[in-house]
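Take a look at the structure below.
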Amino acid sequence: MLPQEAIRTKRDGGALDAAAIRELVAGISDGGLGDAQVGALAMAIYLQGMDAAETVALTEAVRDSGEVLDWAGLDLPGPVLDKHSTGGVGDLVSLVLGPWVAACGGHVPMISGRGLGHTGGTLDKLESIPGYSVSPDTATFRRLVRDVGVAIIGQTGELAPADKRLYAVRDITATVESLPLIVASILGKKLACGLDALVMDVKVGSGAFMPTEDASRELATTIAEVASQAGTPTTALLTDMSQPLAPCAGNALEVREALAVLSGERRDGRLLEVTRALAAEMLLAGGLAPDREAALAKLDARLASGAAAERFARMVAGLGGPADLLEAADRHLPAAPVLREVRAERAGYLRRMDTRALGLSVVELGGGRRAPGDAIDPAVGLADIAALGERVSAGQPLAMIHARSEHDAQRAEHRLREAIEIGEPPAEPPTLIRDVIR
Ligand code: URA
């Protein structure tokens, strides 16, 4: 079908068959479609939507537009598993979960991204570890996935190239917020990693990518359905992002937090709870535990034994980082020169946080990018962030700002005060895991 005829069909509300979608996606990858046609197609899909069969076909075509990783030749003793999150603030789940699942017998080839908007990026966090390379050669990546069970690296040029072009066009044509386009974009990349099963963490709340709980739920449901129909069993968890997941946000600060959880120094908290729940779903999906209770017991044992921490250390060393990161984190991880405590101006309950604003304050401190390609400052961020529902007295600390200068710290303090609402009556902490969608 001529591209303009396929675009016309979609523009007028018709459904495209899998062959037509495949041709369009091939044209996006190989340049057969011009930018105007890609933009028009994206707008037609944005306005008319896609039915389930079309969304599956689009996802499969994006997945197959480049290399699809194949682990068969490696004779792996366990399943190939991964997790993807819609992104948040203080969300360092991947750093803990990858090695933890590896310690339980999974193989996790995790292709991660950089910070986007107010959300942090796993690659930026890992790059705060001196020497860590997020772009190893293919042989190193495969060897780590086989021997250590986990490698967290960046996107390679060959995976899902159609998404790269389509996303760039969507970004400048007001067509990002389209459910079928988001689903095909997220899943096209993930399913190209040759997974046996996937777990999605879809965030809900003031720091989430989707604007409402209903929209997050629809995304989670659609992702679980489409991925499963495309041949990769997928479970989606709806989890809270109405406050930072960890009590900190910022690259090196989050690596320190990951080490605290993996080493058993931090034994509770929202980060641990969400990571444990996601990891349990991965073990279940991969057949590494017969039921949820057994999965949780296995996870707890491998964390307590130090096996998860050991996998993290081996991954870091295998990708060029220091061999003694766990023992000597202070020596290796950068620290900011200015610390500024933010104290409550009045007594009351922490009722609401503008989590997006907290994420943006980390960006403004230098911990994220204002423009693509900007260098980031790994040392800065927020730590010891108080939790929703907590009662504070006047003068009690709400957070510690880690900044490069006094000026930056002052600006961040102002942002923080505006982002955190303290008052009466008492507010319940939000439910952390809202739903599990299978
Ligand atoms: N993340 C992606 O990778 N793609 C989208 O379309 C939205 C979020």
Q | Gained length - residue 374 relative to residue 405, 0.36 nm times residue gap less alpha-carbon distance | A | 9.3 nm
(Q) From Cα pairs below 8 angstrom and at least 6 apart in sequence, can you work out the relative contact order of the stretch 289-438, rounded to a whole percent? (A) 29 percent
Q) Percent relative contact order of the stretch 334-423, based on C-alpha pairs within less than 8 angstrom and at least six residues apart? A) 49 percent
Q) Quick one: if you stick a label point 7 Å off each Cα along the C-beta vector at residue 265 and residue 346, how many nm between them? A) 3.7 nm
Q | the chain, relative contact order [Cα under 8 Å, separation at least 6], % | A | 20 percent
Q. Efficiency by 1/(1 + (r/R0)^6): what FRET value for residue 17 and residue 213, r their Cβ-Cβ distance, R0 = 30 Å, to the nearest 0.05?
A. 0.30
(Q) Based on alpha-carbon centroids, what's the gap between the stretch 1-62 and the stretch 359-429 in Å, whole number please? (A) 42 Å
Q | Qualifying lysines (Cα of each under 27 Å from Cα of residue 83; at least 8 residues distant if same chain) | A | 125, 164, 189, 190, 203, 298
Q: Net charge near residue 437: determine it from the other residues with C-beta under 11 Å of the C-beta of residue 437, scoring Lys and Arg +1 and Asp and Glu -1.
A: -1
Q. What's the Kirkwood radius of the stretch 3-49 in Å, using all Cα pairs?
A. 10.4 Å
(Q) Can you compute the helix-only [θ] at 222 nm over the chain? Use -39500 (n - 2.57) per DSSP H run of at least 4 residues, normalise by all residues, nearest 500 deg cm²/dmol. (A) -13500 deg cm²/dmol
Q. Can you give the Kirkwood hydrodynamic radius for the stretch 334-423, in Å, rounded to one decimal and based on Cα pairs?
A. 13.3 Å
(Q) Net charge around residue 279, counting only other residues with Cβ within less than 10 Å of its Cβ (Lys, Arg = +1; Asp, Glu = -1)? (A) +3
Q: In nm, give the distance between the simple-model label positions of residue 328 and residue 1, each being 7 Å from the Cα along the Cα-to-Cβ direction.
A: 6.2 nm
Q.
Taking 2.2 N^0.38 Å as the expected size of a compact globular protein, what ratio does the Cα radius of gyration of the stretch 237-389 give against it, to two decimals?
A. 1.19
Q. For the chain, modelled as a GNM with alpha-carbon contacts under 10 angstrom, which of 116, 333, 74 fluctuates the most?
A. 74
Q. So what's the net charge close to residue 100: Lys and Arg +1, Asp and Glu -1, counting the other residues with Cβ under 9 Å from its Cβ?
A. +3
Q. Any idea how far apart residue 390 and residue 339 come out in nm if each label point goes 7 Å out from Cα toward Cβ?
A. 1.6 nm
Q: List the equivalent ellipsoid semi-axes of the stretch 1-124 in whole Å, largest first, each obtained as the square root of 5λ for an eigenvalue λ of the Cα gyration tensor.
A: 35, 19, 13
Q) Hey, what D do you get for the chain in µm²/s if you plug the Kirkwood alpha-carbon radius into Stokes-Einstein at 4 °C and 1.567 mPa s? A) 58 µm²/s
**Q.** Top of 282, 43, 110 by mean-square fluctuation, Gaussian network on the chain, Cα under 10 Å
**A.** 43
Q. Tell me, what is the FRET efficiency for residue 30 and residue 297 to the nearest 0.05, using R0 = 56 angstrom and their Cβ-Cβ distance as r?
A. 0.65
**Q.** Calculated FRET efficiency for the pair residue 176/residue 428, C-beta based, R₀ 30 Å, to 0.05
**A.** 0.35
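Values quoted throughout were computed directly from the atomic coordinates according to the rules given, and no laboratory measurement underlies them. None of these values were measured; they are calculated from a predicted model. Positions of Cβ are backbone-derived with ideal geometry, glycine not excepted, and every protein chain shown enters the neighbour counts.
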